[in-house]
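Colleague: One structure, as C-alpha cells, below. Some questions next.
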Amino acid sequence: MNSGAAPDPTTKVFGIRHHGPGSARSLQLALDAFRPDAILVEGPADADPLVGLVAAEGMTPPVALLAYVPHAPSTAAFWPYAVFSPEWQALRYAADHDVPVRFCDLPAAISLATEVEPNDRFDPLATLAEAGGYDDAERWWDAVVESAPDAGVFDAIAEAMGTLREHAGPAEHTAVEIVDDSGPAVSIDPHTVRREAHMRQCMRAALANGATRLAVVCGAWHAPALAGTLGPAAPDARLLAGLPKTKAVLTWVPWTHSRLSTTSGYSAGIASPGWYHHLFTETEQPLTRWLTRVAAVLRARDLPVSSAHIIESVRLADTLATLRGRPLAGLSEVVEATRSVLCGGDETMLQLVVSELVVGEALGAVPEQTPTVALEADLRAAIRSLRLKLEPQARTLNLDLRKKNAVARSRLLHRLRVLGIDWGRPTSNGDPRATNTFRESWILQWQPDYAISIIEASRWGTTLRAAAEAKILDSTSGPDVTVVALIGAVRTALLSDLGGAVDGLISRLDSIAALDHDVTHLLAALPDLVRTLQYGDARGTDTTALARTTDGLLVRICAGLPAAVSGLDTDAATELRPQLDLAHTAVHIRDDEWATREWLATLRRIVDREDVHGVLVGRAVRLLADSGRMDDAESARRLAAALSVGNPAAAKAAWIDGFLGGRGLVLVHDRALLGFIDDWLRRLDENSFVDTLPLLRRTFGGFESGERRAIGQAVRDSGSVTTAGAGLVDIDERRAAIAIRTAAEILGART
C-alpha cells in the first residue's frame, strides 16, 4: 500500500433550517471542527459570481439574492439571508478562511423558466414536533435546536429527515418514484427531485476538482438525498436534461426582517426574526438584555416599567423554562413573562412588543460595487446627495419648500411615484390642493420589493428624471386621455420638475381641451389647473405656458357656459352648482384682472337668461353679490322676482337653495333678506307650503348648527324682523305664533 497516497475524499452534509440562530451556531462549530477545503451552499448556482461580495465593505444582512428576467423583470425570485441564517454563516466562513464556496441549487435561469406546481406534502418539522409532544413546530425547533448549539446535531437531523422521507406520502399529481442503492423507494415532488439531482451534480464537480473535505449546507429535508454514496451521475443527468431556461440577471439587494417572517407570505419564513437576531448577536446574558429592550419599548409608550420589573420577568422566564425541562428560556417563556410582568396582562402592549421586537425590523445594505441597473445607481446617488436614508420603519418627513434641499427631496419622491416606486406617500399636506403650498409632509418606508420596481422602471430611462419624463408622456398618449387626466399629469410633472415632459403635456392638453365640446368637463378641470399654477409658482417653476393654457380654457368656458346651463333639470342643475362654486374660487385664487372680469361677465349672462334653472341662477346671483359686482338692491329685486306669484313653489325654493345653499350666515347678518324670505313663506297656501318644505329643509339642513340656531333665534324674535310686505295684510297672531314655533323647531332653535 502506498503510504503517500492522498486520503479518500470526505463529504459532510449539514441539514439546516434556513433561518435559525441555533442552526447557524451549530454550523459554525461543525465547520470549525471539520475544516472543509470546499463548501457548497443551497442557492442558485448561477449566483456564484456574486459570492465575492459577501465579505465586501458595506455588505450588511439581511440581504437577498435577486434573480430576474431582463425583458420581464416582474418574473423574479429572491433568496433571502439574515446574519443568523446558516447559509450566510457558511458563506462568511468561506470568506474568512479563504475556502472556495459555490451555490449548488438549480440555476435561477431554470427556476424562473419552470412553472412549479404547489407542493402539498406534509410539513416535516410539524411531524417531528408532534412526535416530541409539541403542538407547534416553531416551539419544538426553538426548544430542541435553536436553544442549544451542538455540532453533532446534524447527524440526528439527517436521521430524522431520512425516516420521514421514507414514509412521505406522494404529492398529488406530481409524484416521481426514485429508486437508488441507498434505500427504499420514496415519493417526492418532481421539482425537489430535480433540485437534489443538481445538488449531487455540483457535489460530483467539487470532488472532481480536488476537494477532499467537502461541506454541503442545505435545507434539512434535502440532507438524506445528498448524504452517503453519490452513485452514478447518469440518472441525475437524465433528470436535468432538457429543462427550460431563460436569460436571468442576478444581484444582491437589501432585505428586511419583516420580510423573513411567516406573516409576509415567505414560504420559508419564521415567526420571530427579531428574537432570532438577538439570540445570535447577543451571546452574553441574552435573556436579560432582551427584557431590558422590551422595557425600553414600553417606557417609550409611557408605561411605568422599573428595573425591578425586569428582574422579576427574568426570574419568571427562567422558572418557566425549568418547569418545562428546557435548558434555557425560549421565546414562549419570554413572551409569557413579558405579558405577565412587564405588560400587566395588557394584550395590546404585548402585541406592540411582538411587532417591534419579536418580529422586529432591520434593513440590510449591499456594497456600492454590487451589480445594478443604471437607474438604481442614479437613485443611490440621489439618496446620498440629499442625505436621505432607506429605512424599513415608517417615518414622517416634513419639507419646507422654500429651502433648496427640501425642494430637491420633494422632486425625487414625486419622480419615484411617477415610476411606481412609492417609497414616499404624501400626507394631506403633500397634496397639491392643500392651502399651505410651502410645506409638504411625507411618510417614508422602504420595501425590499422596490428592487423589482426599480428594474421594471429602468426600461423608461437610465436616470430618474429621464425615466419619469418618458413614462408620464407615454401614460398620457392614448386616445382616451381626458382633460382632467392631462391636468393631473401636468401637475405631477411640475411637482417632479420634469421639464422635458411639461411642454408635451401642455400641448396635448391644449389639443384635447379644444376638441372637448362638453363645457362641464372644462369647468370641472379649471380648479385643478389653477391650483397647479399656484403650486408651480410656490416651487419657482416656470408656468408661463401653463398660464396660457389656463386662459384658453377659461375663454372656452366663458363662451359656452351660458348655453350649457340652459334647459337643465333639477338633478343636473344641482350637480353643476358645486362646480360653479369651485370654478369661482379658482378664478378668485388666480387673482388675474382679465380672468376675473371674463368670469363675472359670464355669471351675469347666466342670471339674465330665463331658461336657466333657479338653483343655478340663485347661485350666480349670490356669487356676483359676494364679488361686489351686484349690489344689495339688485339682489333683493332679483329675489323678489324669483319669489313672485307667477312662479311655482318648487322653482322658488330652488332659487333660494341656490342663493343660500351652504351660506347660512347671510341670513344671520342680513335681517332684511331673512324678513323677505319669512314673508314669502307666510304667504304660501297649504299645498304650496307642503311642496316647498322638503326643499327648504334641505337648504337649511346644510347650514352649520350655530347658523341654524342664530336664524331660529331671529325667527322667534319676529318683532325684530322687518319684512318687505309688512302692513299689507292682517296677521292672526295666534296662528302666526304656532307657525313661528314650528319653523323654529325645524331650524333647530328652542321656543
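Colleague: Identify the residues of the range 39-65 with backbone N under 13 Å of a label point that sits 7 angstrom from the Cα of residue 369 along the Cα-to-Cβ direction, or state none.
Modeller: The answer is 50-59.
Colleague: Can you compute the modelled spin-label distance between residue 575 and residue 296, with each label point 7 Å from Cα toward Cβ, in nm?
Modeller: 5.9
Colleague: Just grab the label-to-label distance for residue 732 and residue 597, each label 7 Å out from Cα along the Cβ direction, in nm (one decimal).
Modeller: So the two model labels end up 5.8 nm from each other.
Colleague: Taking a cut-off of 29 Å between Cα atoms, list the lysines near residue 404, but don't count ones fewer than 8 places away on the same chain.
Modeller: Cα-Cα hits under 29 Å: 389, 471.
Colleague: Can you bin the range 287-401 into rounded, prolate or oblate? Criterion: square roots of the alpha carbon gyration tensor eigenvalues sorted a ≥ b ≥ c, rounded for a/c under 1.5, prolate for a/b above b/c, oblate for the rest.
Modeller: Judged from the Cα gyration tensor, the range 287-401 comes out prolate (a/c at least 1.5, a/b above b/c).
Colleague: Between residue 690 and residue 336, what is 0.36 nm times their sequence separation minus the Cα-Cα distance? Round to one decimal in nm.
Modeller: On the way: separation 354, 0.36 × 354 = 127.44 nm, distance 6.81 nm.
Difference between extended and current length: 120.6 nm.
Colleague: If you roll a 1.4 Å probe over the heavy atoms of the protein chains, what accessible area per residue do you get for the range 396-503, in Å²?
Modeller: 43
Colleague: Could you calculate the FRET efficiency of residue 380 with residue 545 from 1/(1 + (r/R0)^6), where r is the beta carbon distance between them and R0 is 35 Å, rounded to 0.05?
Modeller: Step by step, r from the Cβ atoms, then E = 0.55.
Colleague: Over the range 241-284, with every protein chain in place, what whole percent of the accessible area is carbon and sulfur at 1.4 Å, could you tell me?
Modeller: C and S atoms contribute 52 percent here.
Colleague: Checking the a/c ratio against 1.5 first, then a/b against b/c, what shape does the Cα gyration tensor give for the range 189-252? If you can, show how the numbers build up before the last one.
Modeller: Details: a/c = 1.44, a/b = 1.28, b/c = 1.13.
Because its axes are fairly even, with a/c under 1.5, the range 189-252 counts as rounded.
Colleague: Continuing with the same structure: Using a Förster radius of 25 Å, what is the FRET efficiency between residue 559 and residue 640 based on their Cβ-Cβ separation? Nearest 0.05, please. The partial results should precede the final answer.
Modeller: On the way: r = 31 Å, r/R0 = 1.25.
The pair residue 559/residue 640 has a calculated efficiency of 0.20.
Colleague: Any idea of residue 159's accessible area? Nearest 10 Å², probe 1.4 Å.
Modeller: Surface accessible to solvent at residue 159 totals approximately 130 Å².
Colleague: If you stretched the chain out fully between residue 139 and residue 626, how much longer would it get, using 0.36 nm times the residue separation minus the C-alpha to C-alpha distance?
Modeller: 168.1 nm
Colleague: Just to be sure I understand the model, the point goes 7 Å from the Cα along the line to the Cβ. What's the resulting residue 480 to residue 159 distance in nm?
Modeller: 6.6
Colleague: Let me ask another. To the nearest 0.05, what FRET efficiency results for residue 589 and residue 284 with a Förster distance of 41 Å applied to their C-beta separation?
Modeller: Once rounded, the FRET efficiency stands at 0.05.
Colleague: By accessible area of protein heavy atoms, probe 1.4 Å, what ranking do 471, 404, 12 get, highest first?
Modeller: Of 471, 404, 12, the descending order of accessible area is 404, 12, 471.
Colleague: Projected onto the charge dipole of the range 283-414 (+1 at Lys/Arg Cβ, -1 at Asp/Glu Cβ, origin at the Cα centre), which of 407, 393, 362 gives the Cα projection farthest towards the positive end?
Modeller: Working it through, the farthest residue towards the positive pole turns out to be 407.
Colleague: Here's something else I'd like to know. Within the range 439-473, find all residues whose amide N lies under 16 Å from a label point positioned 7 Å from the Cα of residue 247 along Cα-to-beta-carbon.
Modeller: So the set is 456, 458-460.
Colleague: Note the full-extension length gain between residue 323 and residue 503 as 0.36 nm times their separation in residues minus their Cα-Cα distance, in nm to one decimal.
Modeller: Working it through step by step, the gained length comes to 57.3 nm.
Colleague: Right, next: Which GluC sites (Glu not before Pro) does the range 8-105 hold that lie in a coil by DSSP with at most 16 other beta carbons within 10 Å? Walk me through the intermediate numbers first.
Modeller: Values: sites: 42, 57, 87; in loops: 57.
Loop-located and lightly packed - 57.
Colleague: Moving to a separate point now. Taking all protein chains as present, what is the carbon and sulfur share of the accessible area of the range 576-648, in % to the nearest whole number, probe 1.4 Å? Don't skip to the end; give the middle numbers.
Modeller: Values: 1750 of 3550 Å².
The computed percentage sits at 49.
Colleague: Taking the Cβ of residue 568 as the center, what net charge do the other residues with Cβ under 15 Å away carry, scoring Lys and Arg +1 and Asp and Glu -1?
Modeller: -4
The values are calculated or read from the model by the stated rules, or taken from the named source; none is laboratory data. Just so you know, these numbers come straight off a predicted model, no measurement behind them. No Cβ is skipped: glycine too gets one built from the backbone with ideal geometry, and neighbour counts run over all protein chains shown. Note: accessible area is taken over every heavy atom of the protein model, side chains too, but ligands, DNA and RNA are not part of it. Shrake-Rupley method; radii C 1.70, N 1.55, O 1.52, S 1.80 Å.
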